[in-house]
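Below is one structure, written out as C-alpha cells; the observations come after it.
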Amino acid sequence: MPRTAYVNGHYVAYDEAMLSIDDRAVQFGDSVYEVVAVRRGHLVELDDHLSRLERSLRELRMAQPRSRTALKLIMKEIQRRNHVHNGLLYVQVTRGVAPRNHKFPSAAVRPGIVVTGKSRIDQESVLAWQKGVKVLTVPDDRWRRRDVKSTNLLANVMAKQAAADAGCREAWLVDDDGFVTEGTSSTAWIVSRTSCIITRPLSNDILHGVTRGNLLRVIEAHGYSVEERAFTVTEAEHADEAFITSANNPVTPVVQINDTIVGNGEPGPVTRRLQEHYAAVAGAL
Ligand code: PLP
C-alpha cells in the first residue's frame, strides 16, 4: 500500500515527501518531534505527547505551527490514509526554511511540519516485550537540555550503534558520576531486592517520558513502592529486575546489563505485572 506523508500543509506520496536543503532541521537539527504509539486504532497518550511537543517548542523559542486541535486532525488523517491500526505516528516541527545562519531567522519564517505514520512491520518490539533485551552502558555525551525532545540526536545515534555492535538492543547513558540517566530512546528503570521500583527523577538530565509518567501513576494506583532517584550501573547490575519504557517499547524487560545477567536472566515478576497493568490502561502491544 502506498504511504502518505504530511509536509507543510500538503498530503504527499511518502516517496516524494521532501524538505528544503535550507530547512533548519537539515542545517542544524533545529527541530523537535514526538512519536505516538497507535494500538488497536487508538492514539496512546496523545494529549501528553502534544503537551510535551508544545513544551519543547516553548523551550526552544519556536512558534507553535498549528493549534493542538488542528495537529490532532492532521495526525488522525495520516493514521487513516496509512491504515495504521497498530504502529506509530511521527510528528516533527522545524524552525523553518531560511538561508544558513545560526541565529534565528526572522519572525516571518513559518515553522515546518512533517507527520508520518507506519504500521508495525516487524515483530522486534513484541519479541523484546516478551523475552527481554540486553543493554550496554556508555558515557552520556549529550547536551544538557535532554528534557527537550529535539532531533539533534547524534550522541543517541552513536550510543545506539555501540549497543547494536555489542549485540544489545539499547544503550543506557551514564553521567559523569556513574549514574544512569536513561536509554538512547527509552526511560531506564530497576527493581531493587526489596521490590522497590526505581527511576531517575525528572530534571533537564532526561527526557520527561510520557510512558514514564503514566506508568508511575499505574504503579502508585497498584500500591507498589517506588523511588524517583538516580541509580548507578553497579546498582542496576545487581538489581532483581530492570526494564525500559517508551511509546514504542512499553515496559520492556532488561535481562542483561553489559556482561551481567539481571536476576535469573528472565523477565522478572514485577516487570511482568507492570506489563499487564500498563497494557490494561494503554493497550497491549
Ligand atoms: N528517553 C529518550 C531519550 C527518548 O528518546 C524516549 C523516547 O523516544 C524516552 C526516554 C521515552 O519517552 P516516551 O515514553 O515519551 O516515549
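Phi angles of segment 270-285 translate, via the Karplus equation with coefficients 6.51, -1.76, 1.60 and θ = phi - 60°, into HN-Hα couplings of 5, 4, 4, 5, 5, 4, 5, 4, 5, 4, 5, 9, 10, x, 7, 5 Hz per residue; Gly and Pro are given as x.
Note down the net charge around Ile261, summing +1 for each Lys or Arg and -1 for each Asp or Glu among other residues with Cβ under 10 Å from its Cβ.
Details: positive: Lys134; negative: Glu237, Asp259, Glu266.
Taking every Cβ under 10 Å from that of Ile261, the sum is -2.
A simple count of charges around Leu19, restricted to other residues whose Cβ falls under 13 Å of its Cβ and scoring Lys, Arg +1 and Asp, Glu -1, yields -2. Accessible area per residue for segment 155-259 is 38 Å², calculated with a 1.4 Å probe on protein heavy atoms, without ligands, DNA or RNA. Per-residue 3J(HN,Hα) values for segment 98-113, derived from phi via the Karplus relation 6.51 cos²θ - 1.76 cosθ + 1.60 with θ = phi - 60°, read 7, x, 4, 6, 4, 5, 4, x, 5, 4, 6, 6, 8, x, x, 10 Hz in sequence order (x marks Gly and Pro).
The alpha-carbon positions of segment 125-282 define a convex hull whose volume is 100 Å³ per residue. Amide H contacts of Val226 (H built 1.01 Å from N, in plane; Pro and chain starts excluded): Ile197 sit under 5 Å, all sequence-distant by 5 or more or on other chains. Remark: segment 155-164, residue by residue, has Karplus-estimated 3J(HN,Hα) of 5, 5, 4, 5, 5, 5, 5, 4, 5, 4 Hz, where x stands for each Gly or Pro and the curve is 6.51 cos²θ - 1.76 cosθ + 1.60 at θ = phi - 60°.
Dimensions of segment 117-176 along the principal axes, based on C-alpha atoms and rounded to the nearest Å, stand at 34, 29, 17, largest first. Placing unit charges on each Cβ (+1 for Lys and Arg, -1 for Asp and Glu) gives the chain a dipole about its Cα centre, and among Val7, Val174, Val35 the Cα reaching farthest toward its positive end belongs to Val7.
I'd like the distance between the alpha-carbon centres of segment 81-136 and segment 201-280, rounded to an integer number of Å. Taking the Cα centre of each part, segment 81-136 and segment 201-280 sit 24 Å apart.
What does the charge add up to near Asp140, with Lys and Arg as +1, Asp and Glu as -1, over the other residues with Cβ less than 12 Å from its Cβ?
Details: positive: Arg142, Arg144, Arg146, Arg200; negative: Asp141, Asp175, Asp176, Asp177, Glu182, Asp205.
Neighbourhood net charge equals -2.
Measuring nothing but protein heavy atoms, the accessible surface of the chain at 1.4 Å probe radius is 52 percent carbon and sulfur.
Considering only alpha-carbon pairs that sit under 8 angstrom and 6 or more positions apart, the relative contact order computed for segment 63-143 is 33 percent.
If every alpha-carbon in the chain counts as one equal scatterer, what log10 I(q)/I(0) does Debye give at q = 0.16 1/Å? Result of the Debye calculation: -1.31. Beyond 27 Å, what percent of the Cα pairs of segment 12-137 remain? Everything past 27 Å amounts to 29 percent.
Note on Met18 and Gln64: with the Förster distance fixed at 25 Å, the Cβ-Cβ geometry gives a FRET efficiency of about 0.60.
For segment 4-121, what does the accessible surface come to per residue with a 1.4 Å probe? Please give it in Å².
Values: 5950 Å² over 118 residues.
On a per-residue basis, 50 Å².
Were the residues from Asn152 through Ile261 laid out at 0.36 nm apart, the gain over their Cα-Cα distance would be 36.0 nm.
The values are calculated or read from the model by the stated rules, or taken from the named source; none is laboratory data. Quick caveat: nothing in here was measured; it's all calculated off a predicted structure. With ideal geometry, Cβ positions are generated from the backbone for all residues, glycine too; neighbour counts draw on all protein chains shown. Calculation scope for accessible area: heavy atoms of the full protein, side chains included, ligands and nucleic acids excluded. Shrake-Rupley method; radii C 1.70, N 1.55, O 1.52, S 1.80 Å.
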